[in-house]
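The values are calculated or read from the model by the stated rules, or taken from the named source; none is laboratory data. Remember, predicted model here, so these are calculated numbers, not experimental data. Cβ placement follows ideal geometry from the backbone for every residue including glycine, while neighbour counts extend to all protein chains displayed. SASA here: full protein model, heavy atoms, side chains in, ligands and nucleic acids out. Shrake-Rupley method; radii C 1.70, N 1.55, O 1.52, S 1.80 Å.
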Amino acid sequence: MSLFPELDGPPSDRLFFGIFPEAPVAETIAGRARDLKGRLGLSGAPLTPERFHVTLHHIGDYAGLPRGIVAQALEAGEAAASTAAFEVRFDKAASFNNRGNNPFVLQGGEGLADLDAFQKALGLSMAHAGLSKQVARQFNPHVTLLYDRALAPETPVEPVSWRVSEFVLIHSLLGQTRHIVLGRWALKG
């Protein structure tokens, strides 16, 4: 018997911290996805522009929305909001091997150093708020473009850049492709 019977059952709700590009940048990413799909012979449908994002920390999948964890995440987000805005630059694409449902993603190199630093700072804020078990120990920043059965090799792309001026806490309804913003924090500058 669970201490939280309302959270028993199969996962239906996901919580994560992420960054989303503004609409014009998301449209640019959609164009890159269509171009790469054609050039590389991929068959998966590109994600819709409003779904393009970078996951900073996957907090967990739950059967219901765990209010206590949401409160801790909101506290962590507030603490991390004192960070300065920064630039990101994605300049290559590749597949992750996921046994048949392979994400094809944008990635970057040196253009993501500030993003790496921010992700670590947010992780420290999460730990201080009581979410140390949910802090991602490894971070491979990427934007998923589509899912495909085929694996595509690493491919250079015309860079996609944007200024990260905010981050969000997202409640994702699993299987419904719906993202609900629970918290939004502007970065300084």
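Enumerate the pairs (first residue in segment 78-102 and farther than 25 Å from residue 148 by Cα and of a type in the set (D, E, K, R); second residue anywhere and assigned to a loop (DSSP other than H, G, I, E, B) and open to solvent by 70 Å² or more (accessible area, probe 1.4 Å)) with beta-carbon separation below 8 Å, excluding pairs fewer than 6 apart on the same chain, so at least 6 apart or on different chains.
That search, which allows pairs on different chains as well, returns nothing.
Go through (1) surrounded by 15 or more Cβ atoms within 10 Å (Cβ to Cβ); (2) out of contact with any His (no Cβ under 7 Å at 6 or more places or on another chain) and name the single condition residue 177 misses.
For residue 177, the exception is condition (1).
Could you list, in sequence order, all residues of segment 97-112 that are surrounded by 14 or more Cβ atoms within 10 Å (Cβ to Cβ) and either modelled with pLDDT under 95 or over 15 Å from the mean Cα position of the chain (by Cα) (or both)?
If the condition is that a residue be surrounded by 14 or more Cβ atoms within 10 Å (Cβ to Cβ) and either modelled with pLDDT under 95 or over 15 Å from the mean Cα position of the chain (by Cα) (or both), then 102, 111 are the ones that fit.
Just to be sure, is residue 168 without any contact (Cβ under 8 Å) to a residue 40 or more places away in the chain, of a type outside the set (S, T, N, Q) and more than 16 Å from residue 34 (Cα to Cα)?
No; evaluated as a whole, the condition is false for this residue.
Results for (1) at pLDDT 95 or above; (2) of a type in the set (Ser, Thr, Tyr); (3) over 16 Å from the mean Cα position of the chain (by Cα), shown as yes or no for each residue.
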{"residue": "7", "(1), (2), (3)": "no, no, yes"}
{"residue": "11", "(1), (2), (3)": "no, no, yes"}
{"residue": "22", "(1), (2), (3)": "yes, no, no"}
{"residue": "49", "(1), (2), (3)": "yes, no, no"}
{"residue": "54", "(1), (2), (3)": "yes, no, no"}
{"residue": "61", "(1), (2), (3)": "yes, no, no"}
{"residue": "72", "(1), (2), (3)": "yes, no, yes"}
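Report yes if some residue within segment 145-154 is open to solvent by 30 Å² or more (accessible area, probe 1.4 Å), within 15 Å of the chain's Cα centre (by Cα) and either closer than 21 Å to residue 57 by Cβ or of a type in the set (Lys, Arg) (or both); otherwise report no.
Looking through segment 145-154, none of the residues is open to solvent by 30 Å² or more (accessible area, probe 1.4 Å), within 15 Å of the chain's Cα centre (by Cα) and either closer than 21 Å to residue 57 by Cβ or of a type in the set (Lys, Arg) (or both).
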